[in-house]
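The values are calculated or read from the model by the stated rules, or taken from the named source; none is laboratory data. Nothing here was measured: the structure is a model prediction, and the numbers come from that model. Reconstructed Cβ throughout: ideal geometry from the backbone, glycine too, with neighbour counts over all protein chains shown.
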Amino acid sequence: MPSYRIEGGSPLRGTIRASGAKNAATKQIVAALLTDDEVVLDNVPRIGDVTVTIDMCKALGAEVEVHGETIRMRAATVSSGEVPVAFSGVNRIPVLMVGPLLHRYGRASVPLVGGDAIGARPIDFHMDALRRLGASVALEGGVWRAEAKRLHGALIDLPYPSVGATESALLSSVLAEGTTVIKNAAVEPEIVDLILLLQKMGALITVEVDRSIVVEGVSRLRGARHRIIGDRIEVASFAAAAVASNGNVLIEGAEQATITTFLNALRRVGGEFEVTPDGVRFFRGGELRSTTVETDVHPGFATDWQQPFVVLLTQARGLSVVHETVHERRFGYTAELRAMGATIEVYTACLGGRPCRYRYGDHPHSCLVQGPTHLRGTTMQIPDLRAGFSYLLAACVASGLSVIDGAHYVERGYSDIPGKITQLGGRISAS
Ligand code: EPU
């Protein structure tokens, strides 16, 4: 299994460029299935999740050419509504293909979704949305099968502003007959970026002030060219690395507007930043101090920023409180940080903020971090993508050697991590 070796202890200094957003790119590749014309996507990150999503589209018969960070896709040659079961469990994307495939064929079959084991992650909202739009959907032998002569507009009131369910509803309703209203929709920057591509393709989508999205179905979509938004999760991850290691990092392409809540939290903890014409520079503003953070849907503090931020908090003076309200089981990685010397306790209670939907039951979704602590290098096994980055960050801050197994988890979502850490003076090798 591929692994990293990191000799820690040196501050990260220098300049890197933010890649395109993983959670925008994969969805926009699916959107390309909605037209026979060519869709060109620029700033596509070179990561495992993009590769596997392209492979799924190719398996359906689409033509996809990859030239560096630009991909050209033509779905006119798609000859099947069946995503092969070999893609079962690889990521969250297959379920997003149901709507586009129904528009093409009137039937679709997709394997079970996978993704990181950070909670139950059901897809009931997706299926409910598809049924409201007129599809019949059933799970048969480990495969979701759906049928619909023509999807029609509907009212979809999401019980929770799920990113994936909002995207499912969007991708299924743009070509439906009539108007769809998605209430309590998620409005993450990656969703807005998907809407921008769909608008270029001819879709009629309005985001209302109350977080409802209104989609007026059109009969045809055309090709378009779109540059994928920068990855705000990668930006926050390296920003936390810069401040935790007492370094100074300019991230070109970082967009202030997509990380405002993160910037507030960073400043409260003693981190500083400077917005430049090229991006955002991150460094320490003084002694690091403890804080309280609660994750939430956008524009709240993103759940995918939580793990690198916790590593940063291990370097801050005092007792910090972190309440994870999006995924119910996202603190598993803290055990390895404890093994490195961090003082972190995980609790099932809602600490530090409002009670959330995980207040009852056995959900380890809050933690206390006592800092500052000296971290020591160790041997670690990466359990999932964001946990993986937090291990790399902790290893850069720690004294001594860390050996981190499971590099493929990180490479699923971060482009050229060893290259970027090396560029910042970190001592990392991949094998
Ligand atoms: N939920 C349901 N039913 C559903 C859908 C969601 O109960 O049908 C619940 C989930 O269990 C979870 C919450 O709603 O508790 C939020 O889930 P959401 O659907 O928003 O998440 P997702 O679409 O599966 C995306 C990102 C995640 C990110 C979350 C939240 C992708 C591929 N993944 O997941 O990113 O944490 O939104 O922002 O877009 C990552 O990149 O490492 C990652 C895990």
Checklist entry - Give me the pairs: first residue in the stretch 58-85 and farther than 20 Å from Arg220 by Cβ, second residue of a type outside the set (Ser, Thr, Tyr) and in a loop (DSSP other than H, G, I, E, B), beta-carbon distance under 6 Å, and six or more apart or on different chains, which are they? => result Ala59/Pro84; Glu69/Asn43; Glu69/Val44; Ile71/Val44; Ser80/Gly61
Next on the checklist: I'm trying to understand the selection: among the residues of the stretch 33-51, which are outside any loop (DSSP other than H, G, I, E, B) and in contact with a helix residue (DSSP H, G or I) (Cβ under 7 Å, 6 or more places away or on another chain)?
Outcome noted: Leu33, Leu34, Val39, Leu41, Gly48, Asp49, Val50
Item to check | Single condition Tyr360 does not satisfy, out of (1) without any contact (Cβ under 8 Å) to a residue 24 or more places away in the chain; (2) crowded, with 17+ Cβ neighbours inside 10 Å | outcome: (2)
Item to check | Matching residues in the stretch 107-147 - criterion: being within 14 Å of the ligand (Cβ to nearest atom), of a type in the set (A, V, I, L, M) and not in a strand (DSSP E or B) | outcome: Leu112, Val113, Ala117, Ile118, Ala120, Ile123, Met127, Ala129, Leu130
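Matching residues to (1) charged (D, E, K, R); (2) at pLDDT 95 or above; (3) over 23 Å from the mean Cα position of the chain (by Cα); (4) in a helix (DSSP H, G or I):
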{"position": "Gln370", "(1), (2), (3), (4)": "no, yes, yes, no"}
{"position": "Thr373", "(1), (2), (3), (4)": "no, yes, yes, no"}
{"position": "Pro383", "(1), (2), (3), (4)": "no, no, no, no"}
{"position": "Ala395", "(1), (2), (3), (4)": "no, yes, no, yes"}
{"position": "Ile404", "(1), (2), (3), (4)": "no, yes, no, no"}
{"position": "Gly419", "(1), (2), (3), (4)": "no, yes, no, yes"}
Next on the checklist: So Lys27 ticks every box in (1) without any contact (Cβ under 8 Å) to a residue 60 or more places away in the chain; (2) under 20 Å from the mean Cα position of the chain (by Cα) but one. Which box is left unticked?
Outcome noted: (1)
Checklist outcome for this item: Among (1) outside any helix (DSSP H, G or I); (2) crowded, with 21+ Cβ neighbours inside 10 Å, Arg150 falls short only on (2)
Checklist outcome for this item: Matching residues in the stretch 158-174 (assigned to a helix (DSSP H, G or I), under 17 Å from the mean Cα position of the chain (by Cα) and more than 13 Å from Leu101 (Cα to Cα)) number 5
Next on the checklist: Please verify whether Ala176 is crowded, with 17+ Cβ neighbours inside 10 Å and out of contact with any helix residue (DSSP H, G or I) (no Cβ under 7 Å at 6 or more places or on another chain), treating the condition exactly as stated.
Outcome noted: yes
Checklist entry - Inside the stretch 95-106, can you point out the residues that are away from the ligand (no atom under 16 Å from the Cβ) and either in contact with a helix residue (DSSP H, G or I) (Cβ under 8 Å, 6 or more places away or on another chain) or assigned to a loop (DSSP other than H, G, I, E, B) (or both)? => result Pro100, Leu101, Leu102, His103, Arg104, Gly106
Checklist entry - What number of residues within the stretch 213-239 are surrounded by fewer than 21 Cβ atoms within 10 Å (Cβ to Cβ), of a type outside the set (A, V, I, L, M) and outside any loop (DSSP other than H, G, I, E, B)? => result 3
Next on the checklist: Within the stretch 269-355, considering only strands (runs of 3 or more DSSP E) that don't extend past its boundaries, which have at least 1 residues that are touching a Cys at 6+ places or on another chain (Cβ under 7 Å)?
Outcome noted: 318-323, 343-347
